[in-house]
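Reading through the structure tokens given below for one structure.
The values are calculated or read from the model by the stated rules, or taken from the named source; none is laboratory data. The structure presented is a predicted model; accordingly, all values stated were derived computationally and were not measured. Glycine also receives a Cβ, built like all others from the backbone with ideal geometry; neighbour counts cover every protein chain displayed. Keep in mind that these areas ignore ligands, DNA and RNA; they rest on the heavy atoms of the full protein, side chains included. Shrake-Rupley method; radii C 1.70, N 1.55, O 1.52, S 1.80 Å.
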Amino acid sequence: MSISLLLAGASAIAAASAASDDIVVTAAFVPVAVQDAPASVTIFDQEQLDALSLPFASDVIRLAPGVSVSNSGGKGSQTQIRIRGAEANHTRVVVDGIPFNDTASDDQPRFETFTADGLGRIELIRGPHSAIYGSEALGGVVSLNTPDPIGALRATALGEYGSDDFIRTSAAIVSGDDKVGVSATGSFSRGDGIDVLGGGIGDKDGFKNYGGSLKLVARPGNDGEVGIVGHYLRHHAEFDGSVCDINFVCNRADTAEHSTAETYALRSWAKLGLADDAAWSGLVETLYLDSTNRNYDDEVHTNDTLGDRTRFAGQLTHRFTLGEGLQTLVGRIEREDESYKTRDRQFGGFGDVDYTRARTTFVAEWLGEWGDLVSTDLAVRHDAFNRFKDTTTIRAHAVVHVTPSIGIVGGYSEGLSQPGFAELFGFARDSDFVGNPALTPEKSRGFEAGLRWTGEAGRFELVGFSNRLRDEIVYEGLPSTPTAMFPYTYVNADGISRRRGVELSGEYRPLEHLRISGNYTYLDAQEQKIAGDARTREIRRPKHTANLYADYVGGPLTLGGSLAYVGKRQDTDFDIFQTVILKDYILAGARVAYAITPNIEAFGRIENAFDDKYQDAVGYATPGRTVYAGIRVRLGD
């Protein structure tokens, strides 16, 4: 297998390209039609999620253009996602409108904890978009959404078993009329895992994942809505760390370390003015997120990190007609407070730390339609931080509709990522790691331009992008002290890192029930820590990636399949402090399901069908070919 196979598929899609114009996306503060979206967007809808039936959201996101996935072992192990060559902590994750970046883990999104069960839609917005989404949205935004319960009535349950003693169960119910609706999901999955360090002589590193959500939406009048949604996640993972000798030389080792991440989240909102053309509409919302990470070394509970986030927000939207086009003005204000704690569970709590931070934000967005020819978007955001200098970010984007099916797109956008609590203040007192309270937010500026071709049978998009990262937060060693042999800290680099590339994506429906999607990405990601030095290639970012995936639903048969090509990439082997090359690979997966009754479906699924041997992180093995089988029960529409 080679990249040429996937490129051929992408070319075929492009030749017959087009896409429906009635899909809306959350690329702005108000929903917009996909052909007018002020960003490069990939959408995975309910039919695709059901047909592929992949267990983790990251398995689906891997299939999007511009995405690099790094998994440090088997299912449930640490998973990082980089969009358009950005850092792993430069992706903003939003679940049902709740920012889910983990305050207790330096704002990293914990992708290994997000299952795909119970989701109705995944949207991925590529490029820096902090003017809309705020901190961490330098590389892009991932939005995970459970179904809207209004006007729906259905229930599903799934049970699956397969390789490595993998068990997966989930249940979901959505019930509502045009006034009130409720949805609830619950899921559990576990697996024995694999010998992550390879060789077959070490222990297996398994995982357990529990998840649940509850959403209630009511529309008591003709033009208003109130709602509340809650999420719970608990993820336990075993992993192999490192062991150091008496000379402080550390190497990967088959250790008995494990951790548990637990997250509670709640969002409530009230809206007035629901119509797409309402002259005035308003939104008020509150949200709260609490996360705890508990760390263990075999039977010893070593330490915990804890964080929480509270936000209050208000938004006012005004729509009016100017000439022949609709103009939409949005004003928004947010207040957010966060806290971070560490708790030593091994040595009496001597190194415990407690810190807080806050921000107040003002945002304005103007979406304009200028006849049938041009759509524009301009957004300006000002964040007033209490820990460092205030920051203003902007986004300006335009779509020129050359014909009803062809659009030329282009734009400029900015991103920022505030330093994490540990980077600012350290993990614990009297440790080798010294926090740096003088850190400033990382900042990114990006341009993109391209072509969109839309129609009834499919779609096509070709986009070129160029992003520059300034003030990147990087590791720096410090001189030894009597109490710290190898102290280190983090500083803002004075170099400028560059990420640029091209994305080609398309979707084609050759038959009524068949959809074929594909994409190819070329990425040139170069890092510069010191101004004037030569740039070096960023690790774990392949130059070439390509994906081809399809879904078919017809009669009693449901089919889903995917091919994901990941090109060669560099990584750093910290055992020997040398750069190594990780080989390219293709992940092939397929699912075949057959409805044995109108309500019961039997299915079989395979992952890594070609049994490719690969590593996403040097030294950490990944699963070979695995197979699964199960039953899904459906009731309602």
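Ordering I228, I606 by how much accessible area each has at a 1.4 Å probe, largest first, what is the list?
Working: I228 70, I606 45 Å².
Largest accessible area first, the residues go I228, I606.
Which of the three applies to the range 115-180, rounded, prolate or oblate, going by the alpha-carbon gyration tensor with a ≥ b ≥ c and a/c under 1.5 meaning rounded? Intermediate values should be presented prior to the final figure.
Details: a/c = 4.50, a/b = 1.29, b/c = 3.50.
Since a/c reaches 1.5 but b/c is at least a/b, the shape of the range 115-180 is classed as oblate.
Could you order T454, T579 by accessible surface area, starting with the largest, using a probe radius of 1.4 Å? Walk me through the numbers before you get to the answer.
Values: T454 30, T579 90 Å².
Largest accessible area first, the list is T579, T454.
How far apart, in nanometres, would the label points at F362 and E476 be if each is projected 7 angstrom from Cα along the Cα-to-Cβ direction?
Rounded to a tenth, the inter-label distance reads 3.4 nm.
Would you mind working out the accessible area per residue for the range 297-343, using a 1.4 Å probe, and quoting it in Å²?
Numbers: 2140 Å² over 47 residues.
Per residue, the range 297-343 has 46 Å² of solvent-accessible surface.
Quick one: 3J(HN,Hα) in Hz for the range 34-40, Karplus 6.51/-1.76/1.60 with θ = phi - 60°, rounded, Gly and Pro as x.
4, 6, 9, 4, x, 5, 8
Once the other residues with Cβ under 13 Å from the Cβ of T169 are scored (Lys, Arg +1; Asp, Glu -1), what is the net sum?
The answer is +2.
Quick check for me: using +1 on Lys/Arg Cβ and -1 on Asp/Glu Cβ, what's the dipole size of the range 542-631 about its Cα centre, in debye to the nearest 20?
Working: 8 positive and 10 negative charges, 36 e Å.
Taking the Cα centre of the range 542-631 as origin, the dipole is about 180 debye.
Could you state the accessible area per residue of the range 188-237 in Å², with a 1.4 Å probe and every protein chain left in place? Mind dumping the intermediate values first?
Working: 2220 Å² over 50 residues.
Result: 44 Å² per residue.
Would you mind calculating the relative contact order of the range 442-569 from Cα pairs under 8 angstrom and at least 6 residues apart, reporting the percent as a whole number? Each step should come with its number before you reach the end.
Values: 299 pairs, mean separation 23.6, N = 128.
Answer for the range 442-569 is 18 percent.
How high is the relative contact order of the chain? Use alpha-carbon pairs under 8 Å, at least six apart in sequence, and give a whole percent. Spell out each step's value before the answer.
Values: 1927 pairs, mean separation 89.9, N = 637.
In percent, rounded to a whole number, it is 14.
Using θ = phi - 60° and the Karplus curve 6.51 cos²θ - 1.76 cosθ + 1.60, what whole-Hz ³J(HN,Hα) does each residue of the range 528-545 get, with Gly and Pro shown as x?
Karplus values, whole Hz, x for Gly and Pro: 9, 7, 10, 4, x, 6, 5, 6, 10, 5, 5, 6, 6, 10, x, 5, 10, 9.
If you put +1 on each Lys and Arg Cβ and -1 on each Asp and Glu Cβ, how big is the dipole of the range 52-106 around its Cα centre, in Debye rounded to 20?
Numbers: 5 positive and 5 negative charges, 43 e Å.
Dipole magnitude for the range 52-106 comes out near 200 debye.
Answer rounded, prolate or oblate for the chain, using the Cα gyration tensor with square roots of eigenvalues a ≥ b ≥ c: rounded when a/c is under 1.5, else prolate when a/b is larger than b/c, else oblate.
Working: a/c = 1.37, a/b = 1.18, b/c = 1.16.
Since a/c stays below 1.5, the shape of the chain is classed as rounded.
Answer with one residue from P598, L582, Y628: the one whose Cα lies farthest towards the positive end of the charge dipole of the range 535-637, charges on Cβ with Lys, Arg +1 and Asp, Glu -1.
L582
Where Lys and Arg each count +1 and Asp and Glu each count -1, what net charge lies around L274 among other residues with Cβ under 11 Å from its Cβ? Each step should come with its number before you reach the end.
Details: positive: R219, K271; negative: D223, E225, D276, D277.
Result for the local shell: -2.
For D277 and E512, what is the calculated FRET efficiency with R₀ set at 30 Å and r taken between the beta-carbons, to the nearest 0.05? Could the numbers behind the result be given before it?
Details: r = 32 Å, r/R0 = 1.07.
The calculated FRET efficiency here is 0.40.
Could you give log10 I(q)/I(0) at q = 0.15, 0.19, 0.21, 0.27 Å⁻¹ for the range 68-126, computed by the Debye formula over C-alpha point scatterers of equal weight, without solvent?
For the range 68-126, the Cα-only Debye profile gives -0.45, -0.75, -0.92, -1.40.
Classify the range 265-369 from the C-alpha gyration tensor, please: rounded if a/c falls under 1.5, else prolate or oblate depending on whether a/b exceeds b/c.
Values: a/c = 4.26, a/b = 3.57, b/c = 1.19.
Prolate.
Which value, in debye to the nearest 20, describes the size of the charge dipole of the range 163-228 about its Cα centre when Lys and Arg Cβ atoms bear +1, Asp and Glu Cβ atoms bear -1, and nothing else is charged? Walk me through the intermediate numbers first.
Values: 7 positive and 10 negative charges, 45 e Å.
Roughly 220 debye for the range 163-228.
Across 10 Å bins from 0, what is the distribution of all Cα-Cα pair distances for the range 548-637, in whole percents?
Going from the shortest bin to the longest, the percentages are 15, 33, 24, 16, 9, 3.
Once Lys and Arg get +1 and Asp and Glu get -1 on their Cβ, which of A546, G193, T146 lies farthest toward the positive end of the dipole of the chain?
Of the listed residues, the answer is A546.
Might you work out the accessible area of K583 for me, using a 1.4 Å probe with all protein chains in place, and round it to the nearest 10 Å²?
In the full protein context, K583 sits at about 100 Å².
Can you tally the net charge around D372? Count Lys and Arg as +1, Asp and Glu as -1, for every other residue whose Cβ sits under 12 Å from the Cβ of D372. Please report the intermediate quantities before stating the final value.
On the way: positive: none; negative: D36, E324, E369.
Net local charge, D372 excluded: -3.
Strictly over 29 Å apart at the Cα level, which of K271/K389; K204/K583; K208/K341; K75/K568; K204/K568 would you flag in this model?
K271/K389
Quote the accessible area belonging to S40 in square angstrom, nearest 10, computed with a 1.4 Å probe and with ligands, DNA and RNA left uncounted.
0
Which one of I530, Y508, N519 is farthest out on the positive end of the charge dipole of the range 502-541, using unit charges on Cβ (Lys, Arg +1; Asp, Glu -1) and the Cα centre as origin?
Selected residue: I530.
Semi-axes of the equivalent ellipsoid of the range 255-316: what are they in whole Å, largest first, if each equals the square root of 5 times a C-alpha gyration tensor eigenvalue? Present the calculation step by step, with values, prior to reporting the outcome.
Working: eigenvalues 364, 20, 8 Å².
In descending order the semi-axes read 43, 10, 6 Å.
Got a sec? What order do L326, L289, L272 fall in by accessible area at 1.4 Å, biggest, i.e. largest, first?
Working: L326 55, L289 0, L272 115 Å².
Descending order: L272, L326, L289.
What accessible area per residue, rounded to a whole number of Å², is obtained for the range 530-637 using a probe radius of 1.4 Å? Let's see the in-between values first.
Values: 5050 Å² over 108 residues.
That works out to 47 Å² for each residue.
Grab the Cα-Cα distance for K583 and I600, subtract it from 0.36 nm times how many residues apart they are, and report the gain in nm with one decimal.
Working: separation 17, 0.36 × 17 = 6.12 nm, distance 4.17 nm.
Between K583 and I600, full extension yields an extra 2.0 nm.
Over the chain, what percent of the accessible surface lies on carbon and sulfur atoms, probe 1.4 Å? Numbers along the way, then the final one.
Values: 15380 of 26120 Å².
Ligands and nucleic acids excluded, carbon and sulfur give 59 percent.
Under the rule of -39500 (n - 2.57) per DSSP H run of 4 or more residues, summed and divided by the residues of the chain, what mean residue ellipticity at 222 nm is obtained, to the nearest 500 deg cm²/dmol?
Working: 5 runs with 34 residues, N = 637.
Taking each H run of at least 4 residues, the total per residue is -1500 deg cm²/dmol.
Can you pull the accessible area of T572 for me, 1.4 Å probe, Å² to the nearest 10?
30
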